[in-house]
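Peer 1: Below you'll find the structure I mean.
The values are calculated or read from the model by the stated rules, or taken from the named source; none is laboratory data. Keep in mind that what you see is a predicted model, and the values were worked out from it rather than measured. Counting neighbours? That spans all protein chains shown, and the Cβs are built from the backbone with ideal geometry, glycine included. Protein only, heavy atoms only, side chains kept; ligands, DNA and RNA dropped before computing areas. Shrake-Rupley method; radii C 1.70, N 1.55, O 1.52, S 1.80 Å.
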Amino acid sequence: GAGVSQSPSNKVTEKGKDVELRCDPISGHTALYWYRQRLGQGLEFLIYFQGNSAPDKSGLPSDRFSAERTGESVSTLTIQRTQQEDSAVYLCASSSGTFGTDTQYFGPGTRLTVL
Amino acid sequence: EDQVTQSPEALRLQEGESSSLNCSYTVSGLRGLFWYRQDPGKGPEFLFTLYSAGEEKEKERLKATLTKKESFLHITAPKPEDSATYLCAVFLTARQLTFGSGTQLTVLP
């Protein structure tokens, strides 16, 4: 019955290292989204999963970013060879409907700091 | 080019002082507009969805309205607990949800 959870809540890494961010959506939600929020800015769409369909990766900023989702459960966002500009809060959301037509419920985010 | 612009960037109100936040968009083919509230260190919390010009939604002290080019979030007699960043997002075409940069609201007791 819990909401969307994300881990870790904070991650500090060195430039060039790989990081994995995890998202546990609300049970039963078929859609899962990843967003990036830089300090003082709005949310940038990264990737969208809907059921077993091929994910919409149109928002991924570079090929260093990738994401996976197992069925309709956990998702992992991986950033390879991190750069300082990757520092941001990464937010995950889930919904029971299709993109834009249904309420998205957000997790608390993972704050990533790349030194 | 900015498609979604929120104003003001920051707003300070005294408790009980009503005001409005603006979200304007410069695109056509709007399929929906969302308002979210975001508290520091937390993810956005859904408030409203508006789909067509003239539509209005209310929740406690908040009322959202939509025209063909903008949306307003009216806050009536705000309380300190209404302090947060308010985000709007427009749903344009399939799979494109564009967020504004938000209005940071502070309500002073």
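Peer 1: Suppose the filter is open to solvent by 80 Å² or more (accessible area, probe 1.4 Å) and of a type outside the set (A, V, I, L, M); does residue B:55 pass it?
Peer 2: Judged against the criteria, residue B:55 is not a match.
Peer 1: Testing residue B:90 on (1) away from chain A (no Cβ under 13 Å); (2) touching a residue at least 60 places away in the same chain (Cβ under 8 Å), one condition comes back false. Which one is that?
Peer 2: (1)
Peer 1: Of the numbered conditions (1) at pLDDT below 95; (2) open to solvent by 20 Å² or more (accessible area, probe 1.4 Å), residue A:20 fails exactly one; give the number of that condition.
Peer 2: Residue A:20 satisfies every listed condition except (1).
Peer 1: Which condition does residue B:70 not pass, out of (1) surrounded by 13 or more Cβ atoms within 10 Å (Cβ to Cβ); (2) in contact with a Gly (Cβ under 8 Å, 6 or more places away or on another chain), if it passes all the others?
Peer 2: Evaluating residue B:70 over (1) surrounded by 13 or more Cβ atoms within 10 Å (Cβ to Cβ); (2) in contact with a Gly (Cβ under 8 Å, 6 or more places away or on another chain) leaves (2) as the failure.
Peer 1: Specify the residue that is farthest from the chain's Cα centre (by Cα); the eligible residues are those in the range A:31-55 that are open to solvent by less than 30 Å² (accessible area, probe 1.4 Å) and closer than 16 Å to residue A:97 by Cα.
Peer 2: Checked the range A:31-55; the qualifying residue farthest from the chain's Cα centre (by Cα) is A:51.
Peer 1: So, one more: Can you find a residue that is modelled with pLDDT under 95, open to solvent by less than 60 Å² (accessible area, probe 1.4 Å) and at the interface with chain A (Cβ under 10 Å from one of its Cβ atoms) anywhere in the range B:9-25?
Peer 2: No, the range B:9-25 has no match at all.
Peer 1: Okay, next question. Of the residues that sit in the range B:1-47 and are among the hydroxyl-bearing types (Ser, Thr, Tyr) and in a strand (DSSP E or B), which one is nearest to the chain's Cα centre (by Cα)? Let's see the steps before the verdict.
Peer 2: As a first pass, look at the range B:1-47 and keep what is among the hydroxyl-bearing types (Ser, Thr, Tyr): B:5, B:7, B:18-20, B:24-26, B:28, B:36.
Within this subset, residues satisfying the condition of being in a strand (DSSP E or B) are B:5, B:7, B:19-20, B:24-25, B:36.
Working: B:5: 10, B:7: 9, B:19: 12, B:20: 9, B:24: 10, B:25: 12, B:36: 6 Å.
For the range B:1-47, the residue satisfying everything is B:36.
Conditions (1) among the small types (Gly, Ala, Ser); (2) within 12 Å of chain B (Cβ to nearest Cβ); (3) outside any strand (DSSP E or B); (4) closer than 23 Å to residue A:5 by Cβ, marked per residue:
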{"site": "A:52", "(1), (2), (3), (4)": "no, no, yes, yes"}
{"site": "A:59", "(1), (2), (3), (4)": "yes, yes, yes, yes"}
{"site": "A:73", "(1), (2), (3), (4)": "yes, no, yes, yes"}
{"site": "A:78", "(1), (2), (3), (4)": "no, no, no, yes"}
{"site": "A:92", "(1), (2), (3), (4)": "no, yes, no, yes"}
{"site": "A:97", "(1), (2), (3), (4)": "yes, yes, yes, yes"}
{"site": "A:103", "(1), (2), (3), (4)": "no, yes, yes, yes"}
{"site": "A:113", "(1), (2), (3), (4)": "no, no, no, yes"}
